[in-house]
Amino acid sequence: MTEPQGSLTGFYARARDDQWHHQQRQRHHRWRRRMLGIGSGAAAAALIAVFVIYDYPRKSGLTDVLGLTCGEYVQIGDPHAVPAPLEQWEAHRQALAEAEDLDGEGVLAAVELLATAVGAQPLMGQFHEALTQREISATVAGADLVIGHHDQSWSRTDRVSVFDVQTREVTWTAELTHPVHDPSLAGEERPQLLYGVGTAEDLVVLQTPTYRGDTDLVIADPSSDTGKDCVRLDGAVDTLEVLSAQPEPVRAWSQTLNLNAGQPSGHELLVHHGVHSGSPQHTLSVLDVPAAEAQPATRHRHDFSDPAEQIDIPEEAYQAARHDLERLTRLGESHYLLTWEAGYVLLGST
């Protein structure tokens, strides 16, 4: 007769049964392995969650290495949401004439002289009475008028827009945002997000840094909603060092390079990158914009030329303004951009 499993006799019988002991040990080992597996999986999941939640993939450079972050600083936006960067001439003329800290009447007289000299008329303008109040900067890049918006600080660029001088509207815009830093921070704690700006073949190119210190070249088509291409180059660049060592036409605006300076051809741009211009790592590359490909530049391409045609300013305009008239630049077929120390004036042919 079989002993009941819970009886004392059955217990002693199992205690002397080696096979039963082996089965129990196997069952215990399986339980331990299962618990260890569950614990290890939970710990790994927790570590991965913490790694992702605290953005360590980006901070460690893992996403940069995998190429997942190329162009992440550039967020293409709605151009219709951007306030007009330039005022219509009548409103601008009145505001300039009433400016307290500027000789507005003198600037207006100089504009009239320049308009007569080039056979044009003033169309729009913008000015700031103090450098630290500057909200926009303008530059001629290729055949386009490109606007830099300085929302947080006059020395940093928070947004880039393309302004169509024919329709007098913003046709493309992109916001520059850092994935980690607080965008409201100013001064030295706020990182520089734009190294350079340029245009070629109706495409806009923005040179931005990566979190780990390389360079991204973002190529966007203002006439298309298909997004953007991105090319990554090794090393960043100290733009202030380059700008201080090169002619003024290299500058787009404060701390920003005009990539059209020294342009090798109509579809190529010259790009500084590397640690800084005085280091062995510093280099120049030529970006084929339509192909979205970059190649090392040859030595003869180190010479920089004026990226836009400059028009001579008559001496009487200098004398009338009593302010520094910096340059008069041809913009397309029939427009001109006057840059002076406190602003800009857009002129068009009559």
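Compute the signed sum of charges (Lys and Arg +1, Asp and Glu -1) over the other residues within less than 10 Å, Cβ to Cβ, of Tyr73.
Taking every other residue near Tyr73 into account, the sum is -3.
Label the stretch 107-224 by shape, choosing from rounded, prolate and oblate, from the square roots a ≥ b ≥ c of the eigenvalues of the Cα gyration tensor; if a/c is under 1.5 it is rounded, and otherwise prolate applies when a/b is larger than b/c, oblate when it is not.
It is oblate, given that a/c is not under 1.5 and a/b is not larger than b/c.
Determine the shape class of the stretch 204-261: with a ≥ b ≥ c the square roots of the Cα gyration tensor eigenvalues, call it rounded for a/c under 1.5, and otherwise prolate if a/b is greater than b/c, oblate otherwise.
Oblate.
If Lys and Arg each add +1 and Asp and Glu each add -1, what is the summed charge of the other residues whose beta carbon sits under 11 Å from the beta carbon of Gly142?
-3
For an R0 of 41 angstrom, estimate the FRET efficiency from the Cβ-Cβ distance between Glu105 and Gln75 and round to the nearest 0.05.
0.45
What's the local net charge at Ile313, with K and R +1, D and E -1, over the other residues with C-beta under 10 Å away?
Taking every Cβ under 10 Å from that of Ile313, the sum is -3.
Go ahead and run the numbers for FRET between Leu131 and Ala84, Cβ-Cβ distance against an R0 of 30 Å, rounding to 0.05.
0.85
Calculate, in nm to one decimal, what Arg322 and Trp31 gain on full extension: separation in residues at 0.36 nm each, minus their alpha carbon distance.
95.9 nm
Laboratory data are not the source of any read-out in this text; all were calculated from the coordinates shown. Keep in mind that what you see is a predicted model, and the values were worked out from it rather than measured. Cβ: placed from backbone, ideal geometry, glycine included. Neighbour counts: every protein chain shown.
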